[in-house]
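*Asks:* Got a structure here, written out as structure tokens. Questions coming.
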Amino acid sequence: MRRHFSKLAIYMMLMAVPAGAQRPARPPAASGAATQPRFHAILEPISITADAQLTDVFFVTVDKGWVTSGEGSKHGALLQTSDGGTTWTTVLGDPEGSERPFYGLQFLDQTTGFVVQKTTADEDKLLRTTDGATWKVSGTLPHSYGYRFFTPTVGVDATDRTILRTTDGGRTWTKVLDCQIRLQVQGVNINTWCTIWSFSFASATVGYALAGSLDARGLYVYKTTDAGATWTQLVAQPGPNDAREGHIVFKNEKAGYVCLRTDAILSTEDGGVTWDEVPGSTCHMGAGVAFADPEVGWSVDANQFVWTTNGGAKWSRQQISAAYTLRAFSVPRRDRGYLVGDHGLIYRYHIVPVGIGATAISAPLMPAFSTAIEDKATELEQAVTQIETTLATVPADATAAGGANVTPAGSAATSTAGGADVLAPFLDKCCGKGLSSLDLIFKAVVGLVPDYTEKYKNLNLITLGLRIAGVLPDRTDSLRAAIKTFRSAKDKPSADQALASIKTALAGLRAAADTAVQKTP
């Protein structure tokens with residue numbers, strides 16, 4: 001695990017400090033070959049004042065999130081923060097009142113989310129927000145082992161032995177699966193009922209369900225490819241891998257993991273067809289698993305902190321000296337997370353310079369973000385500025401025909417990085433050397449984008465994560481097109497206009513890279 005943080009991580013840490021708080025000074029450059037760690041991870045208590053049992057937590061950014069509370073038949077509340085948990089506002093209910101409990105927070109993007117409130121009836125209330133501020137009753141939720149929405153209106157719910165589906169935000173539910181397993185045990189074919197315990201959707205159409213059975217303990221997995229309308233049994237493996245009360249999570253349509261009540265972690269790389277135990281790794285009794293991005297994932301339950309920093313190939317485990325029992329967690333970004341539990345307990349995971357937070361609980365240090373694209377974007381900006389400066393010295397009526405009025409700046413070699421094979425004569429005379437440098441840097445960016453997207457796309461919010469996977473390549477294509485237009489400019493006015501388009505496209509590329517790691521542009 002790396003024990004240093006990049007300048008991007010330093011910037012994000014500073015931006016995360018609440019308004020009015022003193023920002024830590026930038027650490028001095030280290031001298032000598034051997035250096036001490038400059039940063040460490042802490043769990044900082046930011047608990048609410050009410051003595052309430054917190055049941056769930058979900059953060060859509062590193063600063064904006066919600067928690068729910070409830071115990072027995074009262075103390076139900078939904079609370080929100082916009083400053084990373086420094087202050088909390090009660091949105092629904094009262095954590096010390098008589099409202100019935102809330103639970104089941106989930107969000108698709110930064111404004112579309114769901115929460116459930118218990119009732120005395122056979123169905124609980126399902127509430128939805130589409131603006132991140134106001135909540136309205138969207139429908140009902142049959143008493144649930146777990147539910148999952150993957151669009152604002154389409155979702156599934158597990159009610160013991162069945163999977164139900166809604167296409168109208170929970171107003172109506174239709175049964176789409178009876179969980180029944182056909183097995184051969186000691187040469188005899190048997191059918192047994194099973195229970196659906198957990199869902200995971202890798203996209204708006206492809207999802208997985210984890211099932212377990214008391215009569216035939218083992219691992220049972222179902223898959224849908226049509227947004228939950230139909231389900232196919234993929235795996236039926238009776239044996240010691242007891243999936244009851246387990247949790248399933250997929251990073252994409254092929255790679256997934258389950259945490260079982262036996263503490264085992266199993267993985268698949270073929271879309272759930274085959275599963276293998278991850279050697280030397282354990283979770284905690286079927287605890288929930290969540291990935292901030294394709295490399296960093298957490299599982300926190302009952303004061304056990306389990307994490308991976310290499311995409312799930314290896315998981316580590318550490319006991320947390322929490323004041324009270326932890327019940328839920330949210331990890332919006334690899335360097336920021338939130339854990340909640342009894343008596344209003346909330347911990348904020350973040351990374352600070354060594355010496356700060358000495359009295360806080362120590363936590364595992366997650367790896368830094370790569371700054372490769374940010375660094376190259378800075379180089380691109382510098383190259384554009386150089387071209388802009390050179391172009392400013394060119395007379396307004398200069399053209400290729402009026403070459404005497406153009407100050408040569410070096411001839412550019414033929415390149416395809418910007419999408420054109422031949423440089424217009426006007427540009428060749430004016431800005432060839434600068435454009436050649438721009439082409440080389442852009443080519444490096446093109447090579448970085450696939451790896452950057454794969455490592456850092458957001459998995460906390462399924463809709464946002466899927467969008468990011470396409471936005472960054474799109475922004476690269478826009479920059480390529482703008483460079484191509486610039487290369488064909490025949491005079492100064494068209495060159496000025498094309499250069500402005502390059503600057504706009506470059507800003508879009510940087511913003512997309514920032515969004516991938518939830519950094520404010």
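Quick note: the coordinates plus some simple rules give every number you see, no bench work behind them. Keep in mind it's a predicted model, so treat the numbers as computed, not measured. Neighbour counts are summed over all protein chains in view; Cβ atoms, including those assigned to glycine, are modelled from backbone coordinates with ideal geometry.
*Asks:* Counting only residues 5 or more places away or on other chains, whose amide H sits under 5 Å from the amide H of THR111 once H atoms are built in the peptide plane?
*Replies:* Here the answer is none, since no amide H 5 or more places off falls under 5 Å of that of THR111.
*Asks:* To make sure I understand, if each residue's beta carbon is the centre and we count other beta carbons within 10 Å, what order do ARG182, ARG475 fall in, fewest to most?
*Replies:* Listed from fewest to most nearby Cβ atoms, that is ARG182, ARG475.
*Asks:* Still on this model: Could you calculate the FRET efficiency of GLN36 with THR359 from 1/(1 + (r/R0)^6), where r is the beta carbon distance between them and R0 is 25 Å, rounded to 0.05?
*Replies:* 0.80
*Asks:* So, one more: If each residue of separation counts as 0.36 nm, what is the full-extension length gain between GLN180 and ASP474 once their alpha-carbon separation is subtracted?
*Replies:* Full-extension gain reported as 101.4 nm.
*Asks:* Another question about this same structure. Over the Cα atoms of segment 73-183, Rg to Rh with Kirkwood Rh, two decimal places?
*Replies:* Details: Rg = 15.2 Å, Rh = 14.9 Å.
Rg/Rh: 1.02.
*Asks:* So, one more: State the extension gain, in nm to one decimal, for the chain segment bounded by ALA481 and LEU214, taking 0.36 nm per residue of separation less the distance between their alpha-carbons. Display every interim value, and only then the final one.
*Replies:* On the way: separation 267, 0.36 × 267 = 96.12 nm, distance 5.95 nm.
Contour length minus Cα-Cα distance gives 90.2 nm.
*Asks:* Determine, from the Cβ-Cβ distance of ALA133 and THR385 and an R0 of 56 Å, the FRET efficiency 1/(1 + (r/R0)^6), rounded to the nearest 0.05.
*Replies:* Calculated transfer efficiency: 0.85.
*Asks:* Take each uninterrupted DSSP H stretch in the chain, measure its Cα extent along the helix axis, and return the ones at 15 Å or beyond whose mean Kyte-Doolittle hydropathy is at least 1.0.
*Replies:* None pass (Cα extent of 15 Å or more, hydropathy at least 1.0).
*Asks:* If you don't mind, another one. Can you work out the base-10 log of I(q)/I(0) for the chain at q = 0.06, 0.07 1/Å, using the Debye formula on its C-alpha atoms alone?
*Replies:* Each listed q maps to, in turn, -0.36, -0.47.
*Asks:* Give the distance, in whole Å, between the Cα centre of segment 91-154 and the Cα centre of segment 222-278.
*Replies:* Value for the Cα centre distance between the two parts: 26 Å.
*Asks:* In the neighborhood of GLY256, defined by Cβ-to-Cβ distances under 12 Å, what is the net charge if each Lys or Arg adds +1 and each Asp or Glu adds -1?
*Replies:* Cβ neighbours under 12 Å give a net charge of -1.
*Asks:* Just to be sure I follow: if Rg is taken over the C-alpha atoms of segment 95-148 and Rh is the Kirkwood radius over the same atoms, what is Rg/Rh?
*Replies:* 0.97
*Asks:* While we're looking at this one, here's another question. Among SER69, SER330, what is the fewest-to-most ranking by other Cβ atoms within 10 Å? Walk me through the numbers before you get to the answer.
*Replies:* Values: SER69 28, SER330 25.
Ranking SER69, SER330 by Cβ neighbours within 10 Å, fewest first, gives SER330, SER69.
*Asks:* While we're looking at this one, here's another question. With n ≥ 4 as the cut-off for DSSP H runs, can you work out [θ] at 222 nm for the chain, using -39500 (n - 2.57) per run divided by the number of residues, rounded to the nearest 500?
*Replies:* -7500 deg cm²/dmol
*Asks:* Taking the Cα of THR120, stepping 7 Å toward and past its beta carbon, and measuring to each backbone N in segment 72-89: which are under 13 Å?
*Replies:* 73-74
*Asks:* A further question follows. Give the cross-link partners of LYS484 among the lysines, using a straight C-alpha distance below 18 Å as the criterion and excluding same-chain residues fewer than 8 apart.
*Replies:* LYS429, LYS433, LYS443, LYS492, LYS503
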